[in-house]
Structures are given as C-alpha cells and as structure tokens.
Amino acid sequence: MSTQSKAKTSKESLIIMTELVLPNDTNVFGNLMGGRLMYWMDIAAALAAGKHCNAPVVTASVDNISFENPIKLGNVVHIEAKVSRAFNTSMEVHMRVWGEDLTQQYKYKSNEAYYTFVALDPNRRPRVVPELITETEEEKRLYDGALRRRQLRLILGGKMKPEEAGELKAFFIKG
Ligand SMILES: CC(C)(COP(=O)(O)OP(=O)(O)OC[C@H]1O[C@@H](n2cnc3c(N)ncnc32)[C@H](O)[C@@H]1OP(=O)(O)O)[C@@H](O)C(=O)NCCC(=O)NCCS
C-alpha cells in the first residue's frame, strides 16, 4: 500500500450526473428500469470516489436501495454523488437521486443510496486513500453514520463478526 496523501473535503468529490430516460431504458410500464439506474449510479459514485483518491477504484458493495417513485420515460434523472467517509483503502459514497419533468416543471425523489469503493494500486491491491474533511452539518451526520453502515455491510459480506460491531450494537441497544 502507498502512503496516504493530503486530506480532502467531501465537496471536492462532488459529481452531478444528468441523464434522459429514453425508450430503451424503460420497463413495460414506461418507467426507468432499476438496473439501468443502478448502472448510472455506479458510474457517478465511482467518479466521486476516483476524484477523492485519484486512483482507479472498484465497487466493493452496494447497500440496499428502495425506489420511492418511478422515473418516467422522457423525464430527466439527476444523480448527486459525494464521498461521505474515507476509511483505510475504502470510501463510502452517498448518492441522492431525483427525477425531473421539464414540461410539467416538477422534481421528485427517487432514492438515496450508499456504494462502497476500494482504491487499487498498479498491482491491483487495495491502496490507502486520503482522509475526508467534512464541512456542513449534513456531511458530519453522513460521516458519523458511515461507521455503523460499514459494520453492517462487513457483517453481511462475511468480513466481520457481529460481536465486533460495537458502533452498530450501540445504535440498536441504548443505555
Ligand atoms: C473489493 C476488493 C478489492 C476487496 O479486496 P480484499 O482483498 O477483500 O481486501 P481487504 O479485505 O483487505 O479489504 C480492502 C477494503 O475493502 C473493504 N471491503 C471488503 N469487502 C467489503 C464489502 N463487502 N463491503 C464494503 N467494504 C468491503 C474492506 O473493509 C477494506 O476497507 P478498508 O481498508 O477501508 O478497511 C475485492 O474483493 C475485489 O476486487 N472485489 C471485486 C470488485 C469488483 O470487481 N467490483 C465490480 C463488480 S463486478
């Protein structure tokens, strides 16, 4: 692993992706297919992670996603992606996704999601990433919550024992 470089702000990793829902992107109901949206989200999140660490990244995991509203054919998709926390070699990316009807002039939420990326060195081994600096209240809230989300995904991925997940346990068992 290479040495860690200078810490960067969450804002520096910001990516905003805009797409138009075309017929080939839709399901039989004329709404954007979930798989297509997750593909776009993967690219937006990978760009945010890559911007933070300036190295090639791979998707390590995708947290559960609930699609709150369908995005319709002809509508616009906006994906806003930002690194919410950097760990050692991995980064959590937070995304907000919304649809927009330009003719009717309204915006609606699709989902919020977290993807995790790992930075790789030229030998394709995980490499250390820069620390993340938070500035806004929201960035701090996302940063704090990232520790328990990380523990949950590592447990589900078979990489951590539930008894080692102190932060997660404290979240569910108060007092
Ligand atoms: C992700 C990957 C690089 C992890 O490699 P590994 O040899 O297991 O490395 P480690 O166990 O040392 O973990 C490296 C980092 O990945 C994180 N990680 C591993 N599995 C994870 C998971 N399921 N969810 C979130 N993070 C995970 C670890 O927490 C660690 O992060 P840290 O250094 O910040 O603590 C490796 O599993 C891989 O290449 N997977 C395939 C990635 C890919 O091809 N993605 C596209 C999908 S087709």
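Since every read-out is calculated from the coordinates, none of them should be taken as a lab result. This structure is a prediction, so every number in the text was calculated from the model and none was measured. FYI the Cβ positions are ideal-geometry reconstructions off the backbone, even for glycines, and counts take in every protein chain you see.
Run through the DSSP bridge list for the chain and note the antiparallel percent, rounded to the nearest 5. Taking every DSSP beta bridge with both residues in the chain, the antiparallel ones total about 95 percent.
Its relative contact order, with pairs defined as Cα atoms under 8 Å and 6+ residues apart, puts segment 67-175 at 21 percent. Taken about its Cα centre, segment 1-113 carries a charge dipole of about 380 debye when Lys and Arg each add +1 at the Cβ and Asp and Glu each add -1 at the Cβ.
Axis of helix 137-156 versus longest Cα principal axis of the chain: the two differ by about 80°, to the nearest ten degrees. Shape class of segment 109-153 from the alpha-carbon gyration tensor: prolate, with a/c at 1.5 or above and a/b greater than b/c. Dipole of segment 56-161 computed with +1 at Lys/Arg Cβ and -1 at Asp/Glu Cβ about the Cα centre; of S84, M160, W98, farthest Cα towards the positive end is M160. What list of whole percents do you get for P(r) of the chain, with Cα-Cα distances grouped in 5 Å bins up to the one holding the largest distance? Result, from short to long distances: 1, 9, 16, 18, 18, 15, 11, 7, 4, 1, 0 percent. Taking every alpha-carbon pair within segment 75-131, the share separated by more than 13 Å comes to 65 percent. Compute the FRET efficiency between N88 and M33 as 1/(1 + (r/R0)^6), taking r as their Cβ-Cβ distance and R0 = 45 Å, and round to the nearest 0.05. For R0 = 45 Å, the calculated efficiency reads 0.80. Listed peptides 76-86, 54-64 appear in the order 76-86, 54-64 once ranked by packing, highest mean of other Cβ atoms within 10 Å at the front. Helical runs assigned H by DSSP (4 residues or longer) give the chain a calculated mean residue ellipticity at 222 nm of -9000 deg cm²/dmol, each run adding -39500 (n - 2.57) before division by the residue total. Distances between placed amide hydrogens fall under 5 Å for V128 paired with S2, all partners being 5 or more residues away or on another chain. Among V128, G50, V62, which residue has its Cα positioned farthest towards the positive end of the charge dipole of segment 8-134, with +1 placed on the Cβ of Lys and Arg, -1 on the Cβ of Asp and Glu, and the dipole taken about the Cα centre? The listed residue farthest towards the positive side: V128.
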